[in-house]
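So the structure is just underneath, and the comments pick up after that.
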Amino acid sequence: MPNDAPTPRITIWNEFWYERNVPEVARHYPEGIHALLAQRFRRDGFPVRTATLDEAQHGLTKEVLDKTDVLVWWAHKRHDDVSDEVVARVQSQVHSGMGLVMLHSGHFSKVFRALMGTTCTLNWRVDGQRERIWVIAPDHPIAAGLPPHFELQQEEAYGEFFDIPPPDQLVLMSWFKGGEVFRSGCCFTRGHGRIFYFRPGHETFPTFHDGNVQRVIVNAARWAAPTVTERKVPASVLVEPLEAI
Ligand code: ZN
C-alpha cells in the first residue's frame with residue numbers, strides 16, 4: 001500500500017462466549033479477544049470498532065460493513081449461531097473489496113467456508129505444546145518486521161490435511177512439537193476482496209498477547225485493505241464487440 005493511502009478502518013468481530021463463560025480464557029482476555037486486538041490496532045492509529053455475536057445482526061449491519069475496510073474475525077464455539085443473512089452480507093462485502101482477516105478456529109466459520117467453497121476441515125489436538133512458525137515469504141508485506149521464525153510456547157496443534165483451495169500465496173508455515181506441519185498464513189482473493197487466514201489463537205493460551213502474532217494481524221489488515229476506489233460486487237455486463245464481427 002502506498003504511504004499516502006488512508007489508514008484502513010478496522011472492525012474486529014468476536015463471538016465473545018469463552019471469555020464470559022470459561023475462567024481460564026477470561027484470565028488471558030478479561031475484556032475479550034476483540035478488546036485486546038482493538039487496543040493493539042489503536043496503538044498504531046487505526047480507526048477501530050468492535051462487534052460481537054450477541055449484538056443485533058451480530059453488530060454487522062450494512063452501515064457498519066460499508067464503513068469497514070477490513071474485518072478481523074475470531075470465533076470457535078458458536079459458528080452455527082451466525083445468521084445466514086449476515087454471512088451472505090459479509091461474503092458480498094468481500095466480493096466488493098472489503099478485506100477479511102480470519103483467525104484460528106474461524107477456519108470453520110460459515111463465512112470462511114462460504115468464501116473458500118471447501119469443507120475447511122483439518123486435524124487438531126489441544127496439547128499446549130510448542131508451535132514454531134516459519135516465514136516462507138519474507139518479502140511479503142504481511143511478513144514485514146518478522147524474524148525468520150518465531151515460537152509460541154503453548155498452542156493447540158493443527159495439522160494437514162487442511163481442506164482449503166490452494167492459496168494465492170503462502171506466507172507462514174507452522175511446525176508443532178507433535179510432528180505436524182500446517183499452512184498457517186494463507187492469502188486468497190475473492191472478487192475484489194483480499195482474505196488472509198492466520199492459524200494461531202486458541203482461546204486457552206495467551207497467544208494474542210504475543211508481539212509477533214499481533215504484528216502479523218496488523219500487517220495482514222494493511223495488506224487486505226481494499227485496492228478498489230469504489231466498492232462494488234463484480235457484475236456481468238452485456239457489451240458491444242470491439243471489432244466488427
Ligand atoms: Zn482452538
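Taken together, the values in this text are just the output of simple stated rules run on the coordinates, not laboratory data. Source: prediction; values computed, not measured. In this analysis, Cβ positions are derived from the backbone assuming ideal geometry, glycine residues included, and neighbour counts consider all displayed protein chains.
For this structure, a couple of remarks:
- The H on the amide N of Trp124, modeled in the peptide plane, is under 5 Å from the matching H of Gly159, each at least 5 residues off or on a different chain.
- Taken over the alpha carbons of the range 84-193 as equal point scatterers, the Debye sum produces base-10 log I(q)/I(0) values at 0.16, 0.23 Å⁻¹ of -0.79, -1.30.
- Here the chain carries DSSP beta bridges of which approximately 60% are antiparallel, counting only pairs with both residues inside.
- P(r) weight above 31 Å for the chain, C-alpha pairs, percent: 19
- Taking Lys and Arg as +1 and Asp and Glu as -1, the other residues whose beta-carbon sits under 12 Å from that of Ala144 total +1.
- Nearest-ten-degree value, helix 211-224 long axis tilted from longest Cα axis of the chain: 10
- Only helices enter the 222 nm calculation for the chain: every DSSP H run of n ≥ 4 contributes -39,500 (n - 2.57), and dividing by all residues gives -6500 deg cm²/dmol, rounded to 500.
- Full extension of the chain between Lys177 and Val22 gives 53.2 nm of extra length, using 0.36 nm per residue less the Cα-Cα distance.
- Angle between the chain longest axis and helix 33-43 axis [Cα atoms, degrees, rounded to 10]: 70
- Angle of helix 84-95 to the longest C-alpha principal axis of the chain, folded into 0 to 90 degrees and rounded to 10: 70°.
- Virtual paramagnetic centre 7 Å along Cα→Cβ of Asp44, amide N under 14 Å, in the range 54-72: 70-72
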